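Since the structure comes first, as structure tokens, the remarks are kept for the end.
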Amino acid sequence: MARRIKTDKKKRPIAVSVIAAAIVVLFLIRLYQAYDPLIRQQLFRSGINGPLLTGFRLTFLGSTLLTIVIYLVLSIAGIITLIGFLRLRRWSWVLLMAWTGASLVISLVDYFYTRTNYAVMASNVIIAFALNIVDVQRIFGIRRGNGTTL
């Protein structure tokens, strides 16, 4: 019978899995936000059949296409961050914390001025709370074992 070899692998706290699930939810929401304008503008059926710019201003079609590209870039960045996060890379924790803070600020501004996406806001709140758990900070090297930050 083979003996198990002990490794120094870091054990993931459950909060890491919760954060990963929230990132997947945000990925799916961003994909929907990229796909929805394509359907509404019937770009699959008719294609791009108008100008994207008038002078130095975007037309409605240009603005729609720019929004789609931004949501696709956010989706891809989210997947890259998710891979780094599941591999327990320090840069992914820092990037996710900055991204979550910026997204929460944008969500709050949207809450007061336009239509709010509550699923994005809820996912960001869950991520923000889970990233600040001491075990999560320790496993990513943000906090030392004695409770001090690096």
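The values are calculated or read from the model by the stated rules, or taken from the named source; none is laboratory data. Worth saying up front: this structure is predicted, and the values here are computed from it rather than measured. Cβ placement follows ideal geometry from the backbone for every residue including glycine, while neighbour counts extend to all protein chains displayed.
Do we have A102 as in contact with a helix residue (DSSP H, G or I) (Cβ under 9 Å, 6 or more places away or on another chain) and modelled with pLDDT of 85 or more here? So A102 does not fit the description; no. Taken over the stretch 98-133, the residue count meeting the criterion of being of a type in the set (A, V, I, L, M, F, W, C) and more than 15 Å from V18 (Cβ to Cβ) is 12.
Look at the stretch 34-47 and say how many of its residues are surrounded by 12 or more Cβ atoms within 10 Å (Cβ to Cβ) and without any contact (Cβ under 8 Å) to a residue 40 or more places away in the chain. Adding up the residues that qualify gives 6. Pairs under 9 Å by beta carbon, first residue over 17 Å from P13 (Cβ atoms) in the stretch 73-94, partner outside any helix (DSSP H, G or I), six or more apart or different chains? Close Cβ pairs (under 9 Å, with a partner that is outside any helix (DSSP H, G or I)) amount to I83/R89; V94/F140; V94/I142. Looking at this structure, is A2 at pLDDT 85 or above and either touching a Ser or Thr at 6+ places or on another chain (Cβ under 8 Å) or not charged (D, E, K, R) (or both)? The answer is no for A2. Within the stretch 53-93, restricting attention to residues that are in contact with a strand residue (DSSP E or B) (Cβ under 7 Å, 6 or more places away or on another chain) and exposed (fewer than 15 other Cβ atoms within 10 Å of the Cβ), the residue that is modelled with the highest pLDDT is L66. Quick check, is T59 farther than 30 Å from L95 by Cβ and of a type in the set (S, T, Y)? Yes: the conditions hold for T59. Here is a check on your reading of the model: is R115 surrounded by fewer than 14 Cβ atoms within 10 Å (Cβ to Cβ) and either charged (D, E, K, R) or within 18 Å of I14 (Cα to Cα) (or both)? Yes.
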